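The block underneath contains the structure these notes are about, expressed in structure tokens.
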Amino acid sequence: MTKQRGLLVILSGPSGVGKGTVRAAVFKQEDCEYVYSVSATTRSARPGEIDGKDYFFVKREEFESLIANQALLEYAEYVGNYYGTPLDNIEKNLAEGYDVFLEIEVQGASKVRQRMPEGIFIFLAPPSLNELETRLVDRGTDSKEKIAQRMKQAKHEIEMMAEYDYVVVNDQVDNAVRKINAIIECEHLRVSRVIDKIQIGMDQYLNNKGE
């Protein structure tokens, strides 16, 4: 019987909304079977981030080599740094039936939509802009000028919410994880994804009955 193709799940949203925290919580679930596609970036690692697990931290020259070799599903330059999704293993995992999870910036998500519109696009939204600003300040990794720049960008990105399939408000991490799991489960039940499998089963039954 034909194995159902995996889903490409894109989690995106403004800087500081908690994409990394929510993604990490999704993958800490005991029964998690998603495959995480690690993004590459030219920004420096933040405290606690691990190369190859959270991001591939690369030099600008190396990233531009990936661009030149068309080795990225998407890439974007955000606040002075490149972010991108290596193509390695994405198609392989999808073909093998694994759900592949991307955590990327809004610019990158728009490019993935152009190349793989069948993906499931989830926008992670803050409860409010005030809360988003507070999270950026509490993170303690950016100057006031950089935070102001990120907030300006965030307002623009939130206006792009209509381009997504689903919106999850990150008020509490556990709530966000539960909603994301529900979205993925429902997507697997779409008629277009299961009809071939059911039809094959019907055909086999009828063949066995000689009808």
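Here are some notes:
- Per residue accessible area of region 126-189, 1.4 Å probe, in Å²: 63 Å²
- Note that region 95-211 carries a Kirkwood radius of 17.5 Å, evaluated over its alpha carbons pair by pair.
- Taking region 38-97 and dividing mean pair separation by its residue count, relative contact order in percent (alpha carbons under 8 Å, at least six apart): 36 percent
- Over the chain, relative contact order from alpha-carbon pairs under 8 Å, at least 6 apart, %: 30 percent
- Relative to the longest principal axis of the Cα atoms of the chain, the long axis of helix 144-158 makes an angle of roughly 30 degrees.
- D_trans [Stokes-Einstein, Kirkwood Rh over alpha-carbon pairs] for the chain, 10 °C, 1.306 mPa s, µm² s⁻¹: 85 µm²/s
- Counting only DSSP beta bridges with both residues in the chain, the antiparallel share comes to about 30 percent.
- Surface share of carbon and sulfur [accessible, 1.4 angstrom probe, percent] for region 38-97: 47 percent
- Taking only the C-alpha atoms of region 13-72, the Rg (one decimal) and the largest Cα-Cα distance, Dmax (whole number), read 13.5, 39 Å.
- Extension gain, A45 to N130: 0.36 nm times the residue separation minus the Cα-Cα distance gives 28.0 nm.
- The C-alpha atoms of the chain define a longest principal axis, and helix 191-208 lies at about 20 degrees to it.
- Take every DSSP beta bridge whose two residues both sit in region 9-85; close to 65 percent of them are antiparallel.
- GNM result for the chain, Cα springs below 10 Å: residue of P117, P126, P86 fluctuating most strongly: P117
- Most to least accessible of E185, E33 (protein chains only, probe 1.4 Å): E33, E185
- Most positive-pole-ward Cα, V137, Y78, V177, against dipole of the chain from beta carbon charges: V137
- A straight chain from L87 to K146 at 0.36 nm per residue would run longer than the Cα-Cα distance by 18.2 nm.
- Projected label points at R193 and E77, each 7 Å from Cα along the beta carbon direction, are separated by 3.7 nanometres.
- Simple label model, 7 Å out from Cα along Cβ direction - R115 to N208, nm: 4.3 nm
- Residue with peak Gaussian network fluctuation, the chain [Cα springs, cutoff 10 Å], from I147, I198, I158: I198
- Given a 1.4 Å probe and the protein chains as shown, K19 ends up with an accessible area of around 20 Å².
- Seen against the Cα atoms of the chain and their longest principal axis, helix 106-115 is set at about 30 degrees.
- Convex hull volume per residue, computed on the Cα atoms of region 38-97, equals 86 Å³.
The values are calculated or read from the model by the stated rules, or taken from the named source; none is laboratory data. Please read these numbers as outputs of a predicted model, since none were measured by experiment. Neighbour counts are summed over all protein chains in view; Cβ atoms, including those assigned to glycine, are modelled from backbone coordinates with ideal geometry. The accessibility values were calculated without ligands, DNA or RNA, using every heavy atom of the protein model including side chains. Shrake-Rupley method; radii C 1.70, N 1.55, O 1.52, S 1.80 Å.
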